[in-house]
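Q: One structure, pasted below without further comment.
The values are calculated or read from the model by the stated rules, or taken from the named source; none is laboratory data. Source: prediction; values computed, not measured. Reconstructed Cβ throughout: ideal geometry from the backbone, glycine too, with neighbour counts over all protein chains shown.
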Amino acid sequence: MQPPARTGKVWWQAISRNLPSALRFGALRSRLPQDPPAAVAHARRMSLATVRSTRIGAVRIWSPQIGERALALARAIATTLVTWLPLVVILAVATVVRIWSLNALGYNTDEAVYSGQAAAIAQDPTLSQIFPVFRAHPLLFQFVLAIVYHYGVSDLTGRLLAVVIGLATVYLAYFLGRLMYGHAAGLIAAAILALMPYHVVVSRQVLLDGPMTFLATLTLYLTAKFATTQRASWLYAAGGAMGLTFLAKETGIVLLGAVYTFLALRQDIRVRIRDLVIATGAMLVVIAPFPMSLVLAGGGGAERTRQYLVWELFRRPNHDWIFYATVVTPSIGLLVVAVAIAGLVFLRRRRGWQDVLLASWVVVPIAFFQLWPVKGFQYLLPIAPPVALLAARALTEFRPGWVATPIGWAVNLSWLRPLAVAAVLISVAVPTLAIVSPSASGTFLAGSGGVPGGREAGAWVDANTPAGSHLMTIGPSMANILQFYGHRSASGLSVSPNPLQRNPSYDPLKNPDLLIRNNELQYVVWDSFSASRSGFFASKLLEYVRRYHGRAVHTETVTIPSASGVNVESPVIVIYEVRP
Amino acid sequence: MITRACAVLALLFTILVPGQAIAADPPTQTPIKHFLFLLQENHSFDNYFGTYPNADGLPPGTCMPIDPTKPSLGCVKPFHLGSQPISDLLHNRETFVGQYLNGKMDGFVSAHIAAGGLNAEQIARLTMGYYDARDLPYYWNVANRYVLFDRFFSSAAAGSFMNHMYWITATPGDPNHDSPPTTGFGDLLTIFDRLESAGISWKFYVQNYDPTINYRTLQNAGDKAAQAVFVPLLDFNRFLDNPYLFSHIVDMEQYYTDLRNGTLPTVAYMAPLGSSEHPPGSIQAGQRLVQTIVNALTRSDYWDTSAFMWAYDDWGGWYDHVSPPQVDTYGYGFRVPALLVSAYARQGQVNSTTLDYTSVMKFIETNWGLPPLAARDAAATSIASAFDFTRPPRPPAFLSASLATPPPVEPNRAVLYAAYAAAIVLALGLLLVATGPGLVARAVTWSRAFRSRT
């Protein structure tokens, strides 16, 4: 069962030569054989070992002697606890950081849209009048949420569903890590993912990227199973999972490139063309309900989706090219990324198919979305589990031992590994704890969390504006939030009347003056989040307030520290009534 | 002297302490604590609502003879006016008599032709024109949600001024003249006198109000001379000379201010100047004015305790097929459109009670316990049947100024559910196929182990 090179003699010789070489990753040996046939044999051994140990426990339980049975049971429980307790703790921590102050802030615009769609599918009497069922993306997550919404629409319910899916991803990351690098790596990967700010933040929101990441990780797991077992049925299952990934969010299809890159780079993973075709076919069959439902369900879904595709292909960049490097990398964790890269670099000589698969899973989406003009904070979420795994693998392989000092003594540095693991976990835990604590700010990054004051402003709109009210906001983001919580129609002033330059989901306000003069638009809503992004339209919006007897009827504020350090109430959303 | 001083003090108090100028709501017979009444201009019921479903509208087969005495000259059928240019049709006492024709109601075209003038016959045909939901979507939407009266008659079988006098005094004013008197009215009582005596707050809101124009300054009023007709209080000497009373006549902007400040009077009359719908003026401008007034009330704190009503001062020369009952020497005139908006208004009711302007006055008098002004309002039927006070007030709603569009085609949810459920089942099936051999092998191993030990 022991890998042949892990003998104490070799180990001691290696570390006793000098300190730097002892800390080298390359000086250590992987527990897993690197060539696929050996991997298969190793997997079989592991499987038999598992069965054997289980059988011992099982047989003793059937022994007629009660004491032995009790002992066997205690052993079985102890074994189970040792194996699973760390994972249970990790999942518990993951749960806590994901539900802590989960609903302190209301939805952001994307959450409002997806929840609105789910409510429309569930035929909520009010929201189905405001939110169309078909917008831009496939509806797998909204479909699941709609089933929940049949029992009542609530923002908390939607977010809890997202949390459950996020926890499932953490759970899956453990199994993926165990499959690729062993139990310890699986645990470390799950722990990193459990605390990673990027994954925590996104999996607390009703976004499509969380479910897509879960299904993408499932695809990754099934692909790894195929690589491990060389059994085609795993590849077919991976095709099916990839289909579901697409149905969660169509950008998940990018990961198909990662699979093909992996298979192309690792020629030792033998894939028959026939199996590849069947797996691709399985993916297409699973995807098929999406276009079929667009065509068969009616309601203009096909047309709207086509318009969205055209717009998405030609829309202008919304962030600069360093967006992901400067925003997403710190969110994944600089130390995590550094450790993952260090692992890839220092362990390059013993690079196995696992590393290639994970690297492909990371590099392909990054390359794609870096080239793609439109960038979003949450778009790269599928790379979070493989990055966590790469970091976990590096940490697992990092095993410093006895080191000779200049004065001739040998020092045991084995404590460095748990320290390194702890340092990595703390490096992600600290920002995560800061993020999940409720705080308010006058600025906002799409996809990074809830919008302060949005839910409360919407609730005010719902309670204090007559049915049939129409609101004008600076942009469509706040309009979506007010529509979800306020149950009133709202339109963004910044939505371009040029169909080539607007999201086809939104209708432009072609002539706000006329609408106000005709009493078709009764409220104007200014918000600091949109104003910080579009000063021009914020200023234009306030012109309408001045021109049409605008009167502030409601203000949402957040408490922020002023330049002098004193906390002050700063308005973030102001609702004006206007009239001809 | 003392009276004048008190009046000045009261005025100063009103101006300086607006928030407290109006005392607590006086006791009422109904939940209506505020009543607003706007009088627009010159349209008959059939002209606006002749094709409204379930209302007493244009009878099928209507064709108005060009000359009732010469059927061979043909007739004019009702036709949709749309955006067609229109004229200010004749609408005075003589026109009424010619169109009414002792109850035969077949002189609507011939009366215009008989009056002569340029293009008389062409203009006379216009009398049979009508508007519908395409032209008046907001009014029709209001009718769908609140109350439309289809037997609401103008009080006087005459033109604007006499009807405006009925509006505020329940009398024709000067029975010999359908225009502001040259010396003004003296002691003639108005509804506002009744309110004032009872200590009930009131105001007269005027769109584009010019306080310098009244019956005394008509010579220099130019285009704004209509103010003295539409705001008949400006023809009363005491309302002009008493600063306190005069201060109750204010610009329409004050209405929006009062709603905001919580100083809406108990009773308010309203008059348009600019958006009156008086032909050939824009009917859409009138719609916008009414909608703005209603919207402001809808989103104010007064919604639950208010009623807003608007009607038209006379038929404007347009065709209406219902012969008006002649209740006295002066009226009724032809039917005019009238609509009621209130949280307590019955939903989508076409109210067919026989009413006139004094019916509204009757409701005000009954609600606030005021004595009648004259025989007409004493005998009038109140508009109370349009309310339903047994139900809680309806929540406020903005009505659209557009025709109700058909709801968008809803996607078939069953197809959606089936499609995505099928996708999940397919993927799970593939997963089961992949894990199947492993599961079977594990089961076999367990089974063998069990058997070997037993």
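Q: What pairs come out if I take residues in the range A:204-219 that are in contact (Cβ under 8 Å) with a residue 24 or more places away in the chain and pair them with residues that are surrounded by 24 or more Cβ atoms within 10 Å (Cβ to Cβ) and assigned to a loop (DSSP other than H, G, I, E, B) whose C-beta lies under 6 Å away, six or more apart or interchain?
A: Correct list of pairs: A:208/A:249; A:212/A:249.
Q: Residues that are of a type in the set (Ser, Thr, Tyr), in contact with an Asp or Glu (Cβ under 9 Å, 6 or more places away or on another chain), within 27 Å of residue B:401 (Cα to Cα) and not in a helix (DSSP H, G or I): does the range A:548-558 have at least one?
A: Looking for residues that are of a type in the set (Ser, Thr, Tyr), in contact with an Asp or Glu (Cβ under 9 Å, 6 or more places away or on another chain), within 27 Å of residue B:401 (Cα to Cα) and not in a helix (DSSP H, G or I), one finds at least one in the range A:548-558, hence yes.
Q: Could you tell me which of the residues B:376, B:394 is under 23 Å from residue B:298 (Cα atoms) and under 34 Å from the mean Cα position of the chain (by Cα)? Give the steps one after another, and end with the answer.
A: On the way: B:376 fails: under 23 Å from residue B:298 (Cα atoms).
Unique residue meeting the criteria: B:394.
Q: Separate question: For the range B:240-276, give me the residue count where each residue is in contact with a strand residue (DSSP E or B) (Cβ under 8 Å, 6 or more places away or on another chain), farther than 20 Å from residue B:26 by Cα, more than 14 Å from chain A (Cβ to nearest Cβ) and at pLDDT 95 or above.
A: Number satisfying all stated conditions: 4.
Q: Scan the range B:379-397 residue by residue and report those that are more than 30 Å from residue A:298 (Cβ to Cβ) and in contact with a helix residue (DSSP H, G or I) (Cβ under 8 Å, 6 or more places away or on another chain). Explain how you work it out, then say what you get.
A: The first filter runs over the range B:379-397 and keeps only residues more than 30 Å from residue A:298 (Cβ to Cβ), leaving B:379-396.
Hits for the range B:379-397 are B:380, B:381, B:382, B:383, B:384, B:393, B:396.
Q: Please specify each residue of the range B:281-307 satisfying the condition of being away from chain A (no Cβ under 14 Å) and either buried (at least 24 other Cβ atoms within 10 Å of the Cβ) or at pLDDT below 95 (or both). Give the derivation first.
A: Residues of the range B:281-307 that are away from chain A (no Cβ under 14 Å), as a first pass: B:281, B:305, B:307.
Matches in the range B:281-307: B:281, B:307.
Q: For the range B:98-138, name all the residues that are under 18 Å from residue B:49 (Cα atoms), part of a loop (DSSP other than H, G, I, E, B) and of a type in the set (Gly, Ala, Ser).
A: Correct list: B:133 only.
Q: Related question: Answer yes or no as to whether residue B:435 is more than 14 Å from chain A (Cβ to nearest Cβ) and surrounded by fewer than 20 Cβ atoms within 10 Å (Cβ to Cβ).
A: Values: more than 14 Å from chain A (Cβ to nearest Cβ): no; surrounded by fewer than 20 Cβ atoms within 10 Å (Cβ to Cβ): yes.
Considered against the rule, which asks whether it is more than 14 Å from chain A (Cβ to nearest Cβ) and surrounded by fewer than 20 Cβ atoms within 10 Å (Cβ to Cβ), residue B:435 comes out as no.
Q: For the range A:511-537, name all the residues that are more than 21 Å from residue A:464 (Cβ to Cβ), within 14 Å of chain B (Cβ to nearest Cβ) and charged (D, E, K, R).
A: Of everything in the range A:511-537, those that are more than 21 Å from residue A:464 (Cβ to Cβ), within 14 Å of chain B (Cβ to nearest Cβ) and charged (D, E, K, R) turn out to be A:513, A:517.
The rows are residues; the columns are (1) under 16 Å from residue A:573 (Cα atoms); (2) polar (S, T, N, Q); (3) touching a Cys at 6+ places or on another chain (Cβ under 9 Å).
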site	(1), (2), (3)
A:476	yes, no, no
A:480	yes, yes, no
A:497	no, no, no
A:523	yes, no, no
A:541	yes, no, no
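Q: Could you check the range B:166-204 and list, in sequence order, the residues that are assigned to a helix (DSSP H, G or I) and out of contact with any helix residue (DSSP H, G or I) (no Cβ under 6 Å at 6 or more places or on another chain)? Give the steps one after another, and end with the answer.
A: Initial filter on the range B:166-204 (assigned to a helix (DSSP H, G or I)): B:166-169, B:191-197.
Selection gives B:169, B:192, B:193, B:194, B:195, B:196, B:197.
Q: Within the range A:250-267, count every residue that is surrounded by 24 or more Cβ atoms within 10 Å (Cβ to Cβ) and within 14 Å of another protein chain (Cβ to nearest Cβ).
A: 1
Q: Let me ask something additional. Quick one: which residue in A:140, A:160, A:105 is touching a residue at least 12 places away in the same chain (Cβ under 8 Å) and more than 17 Å from residue A:201 (Cα to Cα)?
A: Just a single option satisfies the conditions, and that option is A:140.
Q: Since residue A:290 meets every condition but one in (1) within 14 Å of chain B (Cβ to nearest Cβ); (2) modelled with pLDDT of 90 or more; (3) within 16 Å of residue A:139 (Cα to Cα); (4) surrounded by fewer than 23 Cβ atoms within 10 Å (Cβ to Cβ), which condition does it not meet?
A: Every condition holds for residue A:290 apart from (2).
Q: Which of the residues belonging to the range A:113-153 are in a loop (DSSP other than H, G, I, E, B) and within 9 Å of chain B (Cβ to nearest Cβ)?
A: Just the residues of the range A:113-153 that are in a loop (DSSP other than H, G, I, E, B), to begin with: A:122-126, A:131-139, A:150-153.
Within the range A:113-153, A:122, A:123, A:132, A:133, A:134, A:138, A:139 qualify.
Q: Okay, moving on. Are any residues in the range B:272-308 within 18 Å of residue B:201 (Cα to Cα) and either without any contact (Cβ under 8 Å) to a residue 60 or more places away in the chain or under 12 Å from the mean Cα position of the chain (by Cα) (or both), and if so, which ones?
A: Those that are within 18 Å of residue B:201 (Cα to Cα) and either without any contact (Cβ under 8 Å) to a residue 60 or more places away in the chain or under 12 Å from the mean Cα position of the chain (by Cα) (or both): B:301, B:307, B:308.
Q: Could I ask something else about it? Out of A:295, A:277, A:285, I need the residue that is within 13 Å of chain B (Cβ to nearest Cβ), over 17 Å from residue A:212 (Cβ atoms) and at pLDDT 90 or above. Which one? Give the steps one after another, and end with the answer.
A: Numbers: A:295 fails: at pLDDT 90 or above; A:277 fails: within 13 Å of chain B (Cβ to nearest Cβ).
Answer to the check: A:285.
Q: Return yes or no: is residue A:380 in contact with a Phe, Trp or Tyr (Cβ under 8 Å, 6 or more places away or on another chain), part of a helix (DSSP H, G or I) and at pLDDT 95 or above? Before the answer, list the steps.
A: On the way: in contact with a Phe, Trp or Tyr (Cβ under 8 Å, 6 or more places away or on another chain): yes; part of a helix (DSSP H, G or I): yes; at pLDDT 95 or above: no.
For residue A:380, the condition - in contact with a Phe, Trp or Tyr (Cβ under 8 Å, 6 or more places away or on another chain), part of a helix (DSSP H, G or I) and at pLDDT 95 or above - is not met.
Q: For the range A:538-580, how many residues meet the condition of being in contact with a strand residue (DSSP E or B) (Cβ under 6 Å, 6 or more places away or on another chain), of a type in the set (Ser, Thr, Tyr) and more than 14 Å from chain B (Cβ to nearest Cβ)?
A: So the answer is 6.
Q: Right, here's the next one. Quick test of your reading of the structure: residue B:319 fulfils all but one of (1) assigned to a loop (DSSP other than H, G, I, E, B); (2) at pLDDT below 95. Name the failing condition by number.
A: (2)
Q: Follow-up question, since we're still on this one. Taking the stated definitions as given, is residue B:54 in a loop (DSSP other than H, G, I, E, B) and within 21 Å of residue B:273 (Cα to Cα)?
A: Working: in a loop (DSSP other than H, G, I, E, B): yes; within 21 Å of residue B:273 (Cα to Cα): no.
The answer is no for residue B:54.
Q: Looking at the structure I just gave you, is residue B:146 touching a strand residue (DSSP E or B) at 6+ places or on another chain (Cβ under 7 Å) and within 29 Å of residue B:87 (Cα to Cα)?
A: On the way: touching a strand residue (DSSP E or B) at 6+ places or on another chain (Cβ under 7 Å): yes; within 29 Å of residue B:87 (Cα to Cα): no.
Against the criterion (touching a strand residue (DSSP E or B) at 6+ places or on another chain (Cβ under 7 Å) and within 29 Å of residue B:87 (Cα to Cα)), residue B:146 does not qualify.
Q: Another question about this same structure. Show the residue pairs meeting these rules: Cβ distance below 9 Å; 6+ apart or different chains; first residue within the range B:60-77 and closer than 16 Å to residue B:111 by Cβ and touching a residue at least 60 places away in the same chain (Cβ under 8 Å); second residue assigned to a helix (DSSP H, G or I) and of a type in the set (S, T, N, Q).
A: So the pair list comes out as B:64/B:110.
Q: Only one of B:329, B:381, B:353, B:405 is within 28 Å of residue B:50 (Cα to Cα), within 14 Å of chain A (Cβ to nearest Cβ) and surrounded by fewer than 23 Cβ atoms within 10 Å (Cβ to Cβ). Can you tell me which? Reasoning before the result, please.
A: On the way: B:329 fails: within 14 Å of chain A (Cβ to nearest Cβ); B:381 fails: within 14 Å of chain A (Cβ to nearest Cβ); B:353 fails: within 14 Å of chain A (Cβ to nearest Cβ).
After ruling out the rest, the residue left standing is B:405.
Q: Let me ask something additional. Over 24 Å from residue B:384 (Cβ atoms) and crowded, with 23+ Cβ neighbours inside 10 Å: which single residue out of B:133, B:170, B:143, B:158 fits that description? Outline the logic, then answer.
A: Details: B:133 fails: crowded, with 23+ Cβ neighbours inside 10 Å; B:170 fails: over 24 Å from residue B:384 (Cβ atoms); B:143 fails: over 24 Å from residue B:384 (Cβ atoms).
Criteria check complete, one pass: B:158.
Q: Filtering the range A:212-246 down to residues that are within 12 Å of chain B (Cβ to nearest Cβ) and closer than 17 Å to residue A:378 by Cα, which residue is surrounded by the fewest Cβ atoms within 10 Å (Cβ to Cβ)?
A: Of everything passing the filter in the range A:212-246, A:246 is surrounded by the fewest Cβ atoms within 10 Å (Cβ to Cβ).
Q: Give the range B:113-128 a look and list any residue that's touching a helix residue (DSSP H, G or I) at 6+ places or on another chain (Cβ under 7 Å) and under 19 Å from residue B:58 (Cβ atoms), or say none.
A: If the condition is that a residue be touching a helix residue (DSSP H, G or I) at 6+ places or on another chain (Cβ under 7 Å) and under 19 Å from residue B:58 (Cβ atoms), then B:124, B:127 are the ones that fit.
Q: May I ask you to verify whether residue A:313 is more than 14 Å from chain B (Cβ to nearest Cβ), part of a helix (DSSP H, G or I), under 27 Å from residue A:355 (Cβ atoms) and without any contact (Cβ under 8 Å) to a residue 60 or more places away in the chain? Don't jump to the end; show me each part of the working.
A: Working: more than 14 Å from chain B (Cβ to nearest Cβ): yes; part of a helix (DSSP H, G or I): yes; under 27 Å from residue A:355 (Cβ atoms): no; without any contact (Cβ under 8 Å) to a residue 60 or more places away in the chain: yes.
Spelling it out, it is not the case that residue A:313 is more than 14 Å from chain B (Cβ to nearest Cβ), part of a helix (DSSP H, G or I), under 27 Å from residue A:355 (Cβ atoms) and without any contact (Cβ under 8 Å) to a residue 60 or more places away in the chain.
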